[in-house]
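So the structure is just underneath, and the comments pick up after that.
The values are calculated or read from the model by the stated rules, or taken from the named source; none is laboratory data. If you're wondering where the values come from, they're calculated on a predicted model, not measured in any experiment. Using ideal geometry, Cβ is built from the backbone for each residue, glycine included, and neighbour counts are taken over all protein chains shown. We work out accessible area using only protein heavy atoms, side chains counted, and drop any ligands, DNA or RNA first. Shrake-Rupley method; radii C 1.70, N 1.55, O 1.52, S 1.80 Å.
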Amino acid sequence: MKTLDNNLPFNLQIENQLFSSGYELVAGGDEAGRGPIAGPVVAAIVVIKPGIYIPEVDDSKKLSSKKREKLFEEIITMVTDWSVAVVGPDLIDRLNIYRATKFALKVALNSLSIKPEALILDALELKGFSGKQISLVKADEISFAVACASILAKVIRDKIMEQYDKDFPGYGFKKNKGYLTREHREALELLGPSPIHRKSFEPIKSFYGQLKLFEKV
């Protein structure tokens, strides 16, 4: 576990600065699913108080699925409050993925029972939050609260995609989670897009564009 001179874990430094400045409820927010061409984007917000820490928590992308699921249970048990919001493909197509991600984070934030005084986000800012807001690049690597949120979002989204694998077989959603792997592309060529594919993402966008041209002939 990486630490600095004050013996605090590396990913608690930012939170500790906020606690030392008088903030008692600090939240971290993150999302999962901005890059895939199918399925929802899922956002999570986690609220912590001083003294809450789980040593194994890290950026969800660095953890195995088994480790994430174990930590998921620890996180929801130990943190002060948490919330998750899911935005589906239709709204992603209407808003674009950037705005859909911010919308999901805002819904999650507004769904908390305990309102935070400070909020740490991964390279994003949310309008309307009255407390202190910190936007950091790769926040899931350097903020414990954001890393917790990244794990919650990732685990829940993976479960959603595993269910979609049953609902829409043939695309390999259980394995690829909606990302455009070679097998996923081959399934698209064979089956065409499913109802959960994002029409504003390539190659889905081009597929529907060609379909419209065909209908005009």
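So here's what we get for this one:
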| item | result |
| --- | --- |
| List Glu15, Glu31, Glu73, ordered by accessible area with a 1.4 Å probe, largest first | Glu73, Glu31, Glu15 |
| Antiparallel bridges, percent of DSSP beta bridges restricted to the chain (to nearest 5) | 65 |
| Area of Met78 that stays accessible when all protein chains are in place (1.4 Å probe, Å², to 10) | 90 |
| FRET efficiency for Val137 and Lys159, using Cβ-Cβ distance with R0 set to 25 Å, rounded to 0.05 | 0.35 |
| Degrees between helix 65-78 axis and first principal axis of the chain (Cα, 0 to 90, nearest 10) | 50 |
| Residue order for Phe10, Phe103 - accessible surface, 1.4 angstrom probe, largest first | Phe103, Phe10 |
| Lys66-Lys174 FRET efficiency (beta carbon distance; Förster radius 22 Å; 0.05 resolution) | 0.90 |
| In the range 77-138, trypsin sites (Lys or Arg not before Pro) in a DSSP loop with at most 12 other beta-carbon atoms within 10 Å | Lys127, Lys138 |
| Two-site label geometry, Ser130 and Ile76: point separation in nm, points 7 Å out along Cα→Cβ | 3.0 |
| Portion, in percent, of the accessible area of the range 137-217 that falls on carbon or sulfur, probe 1.4 Å | 58 |
| Relative contact order (percent, whole number), the chain, Cα cutoff 8 Å, 6+ residue spacing | 28 |
| Accessible area per residue in Å² at 1.4 Å probe, computed on the chain | 52 |
| Correct choice for Cα extents along the principal axes in Å that was computed from the model, options (i) 68, 36, 28; (ii) 63, 50, 26; (iii) 47, 40, 38 | (i) |
| Residues of the range 75-113 with amide N under 15 Å of the 7 Å Cα→Cβ point at Lys205 | 92-100 |
| FRET efficiency estimate (nearest 0.05) - Cβ-Cβ, Glu56 to Glu183, R0 30 angstrom | 0.40 |
